[in-house]
Amino acid sequence: MNEDAFWALIDELSRRTEDLEERMEWLRTELLRRPAAESVEFQVRLDDACEVAGTRALWRAADRIESGASTDDGFHYFTLWLVGQGRKVYDSVVADPDALADVPGIRALVGRHRNEWDDDEWPEWEWLDYVAQDAYDELTGQEDDCGEEFDDAVDERAEELADELAGDFEGEWEEGGEPRGSRPEGVATPRLTALFPLAASGS
């Protein structure tokens, strides 16, 4: 599964109208139709996409949307959600976090306290991080090894693809919790600020 094949699968996922659980089951079924190595490749590509999206600027945008409540884990789940929006949305937001103001799922939250958001409305998608392992474990009969074989296979494949995947990994985290990136801390998000006017924690 190369990068284009990964995004083709994600784009199909993003176009589906079911709830998150049903969309996850669709993706799991698609991976189960393929060799186990495809689940490993999927996870490698997913990890890479989240890594690239993990910039300080995007963390600040996510934190503003969530009224200062974005945790370290929550931001990772946010990057998973962003990947799940499809390649076009992902690329535009990674290039300019203020493009989140154009994403329908974000606009649907405007003017509502986060306590009013339904579970499927939160711009976080933790379970996307587990679907490839679930498929791999079922295909290989490794359900009882706590994902160790899958994790080892992902690490090995990631090393093999290091040259291909190398680039600007803006998403590496600094000691102390926040992501670091090449963008300045004060990068402007005027449209997002207008939609979510309360100052986010730490901005």
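The values are calculated or read from the model by the stated rules, or taken from the named source; none is laboratory data. Bear in mind that the values here come from a model prediction, so they are computed numbers and not experimental data. We place every Cβ from the backbone using ideal geometry, glycine too, and count neighbours over all the protein chains shown. Side chains are part of the model used for accessible areas, which takes the heavy atoms of the whole protein and leaves out ligands, DNA and RNA. Shrake-Rupley method; radii C 1.70, N 1.55, O 1.52, S 1.80 Å.
Specify the inter-centroid distance of segment 119-159 and segment 13-80, based on alpha-carbon positions, in whole Å.
Spelled out, the Cα-based centre of one part sits 12 Å from the other.
Return one whole number: the accessible area per residue of segment 43-153 in Å², for a 1.4 Å probe.
That works out to 42 Å² per residue.
In what sequence, highest mean first, do 9-22, 96-109 appear when ranked by Cβ atoms within 10 angstrom?
Result, highest mean Cβ count within 10 Å first: 96-109, 9-22.
How would you rank 118-124, 77-83, highest first, on the average number of other Cβ atoms within 10 Å across their residues?
In decreasing order of mean packing, 118-124, 77-83 become 77-83, 118-124.
Leaving out ligands, DNA and RNA, what percent of the accessible area of segment 20-64 is carbon and sulfur, probe 1.4 Å?
Values: 710 of 1550 Å².
Reported share for carbon and sulfur atoms: 46 percent.
How charged is the neighbourhood of Asp134? Take every other residue with its Cβ under 11 Å from the Cβ of Asp134, and add Lys/Arg as +1 and Asp/Glu as -1.
-4
May I ask you to give the percent of accessible area on segment 90-162 that is carbon plus sulfur, with a probe radius of 1.4 Å?
Solvent-exposed carbon and sulfur of segment 90-162 make up 41 percent of the total.
Between Leu32 and Glu159, what FRET efficiency follows from the Cβ-Cβ distance if R0 is 25 Å, with the result rounded to 0.05?
It comes to 0.45.
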